[in-house]
Amino acid sequence: MAESHMTSAIEGAMEGNAVLFVGSGFSRSARNLKNESLKTAPELAKHLSNECGLQDVASLEDAAGLFVSKHTPAELIAYWRPSFR
């Protein structure tokens, strides 16, 4: 990046006119209010699969869909919200 572009980008960020994009592992070391690590997608899928009575672990998308088909979207949110606080 040319120095003038870098300077412009920094000035924009300092003025609050920027968006930071980070990779999926950025929050991996984050902890919730219970001082627990946030769960990864495979861990979430495993929990939801178990909650739905599956012996094999489904993909997160499939496990969430199955959970919602047996419950409601609001119950899915209520089930996971404490993990992210």
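Return the tail of the calculated pair distribution for the chain, meaning the percent of Cα-Cα pairs more than 16 Å apart.
Of all Cα-Cα pairs in the chain, 66 percent lie more than 16 Å apart.
How far is helix 3-14 tilted, in degrees, relative to the longest principal axis of the Cα atoms in the chain, given as a value from 0 to 90 rounded to the nearest 10?
Orientation of helix 3-14: about 60 degrees from the principal axis.
By counting other Cβ atoms within 10 Å of each Cβ, how are Phe21, Phe84, Phe67 ranked from fewest to most?
Phe21, Phe84, Phe67
Once you treat every alpha carbon in the stretch 38-85 as an equal point and sum by Debye, what is log10 I(q)/I(0) at q = 0.30, 0.32 Å⁻¹?
Calculated log10 I(q)/I(0) at the listed q: -1.20, -1.28.
Taking the chain as the reference, fit the longest principal axis to its C-alpha atoms, fit the long axis of helix 41-51 to the helix C-alpha atoms, and give the angle between the two in degrees, 0 to 90, nearest 10.
Between helix and principal axis, roughly 20 degrees.
Given the Cα-Cα distance of Lys39 and Trp80 and 0.36 nm per residue of separation, how much length would full extension add, in nm?
Answer, rounded to one decimal: 13.7 nm.
Relative contact order, percent, of the chain when contacts are C-alpha pairs under 8 Å separated by at least 6 residues?
This gives 20 percent for the chain.
Taking 8 Å as the Cα distance limit and 6 or more residues as the minimum spacing, I'd like the relative contact order of the stretch 38-85 as a percentage.
31 percent
Treat the count of other C-beta atoms within 10 Å as a stand-in for reagent exposure and order His47, His5, His71 from fewest to most.
By the 10 Å Cβ count, ascending: His5, His71, His47.
Given a Förster distance of 35 Å, report the FRET efficiency between Asn32 and Ser4 from their Cβ-Cβ distance, rounded to the nearest 0.05.
0.25
Taking the Cβ of each residue in Glu43, Glu11, Glu3 as the centre, tally the other Cβ atoms inside 10 Å and list the residues starting with the fewest.
The fewest-first ordering by Cβ neighbours comes to Glu3, Glu11, Glu43.
Bear in mind that the values in this text are calculations on the coordinates, not laboratory data. Only a predicted model underlies this, so the values are computations on that prediction, with no experimental measurement involved. Every residue, glycine as well, gets a Cβ built from its backbone with ideal geometry; the counts of neighbours run over all protein chains shown.
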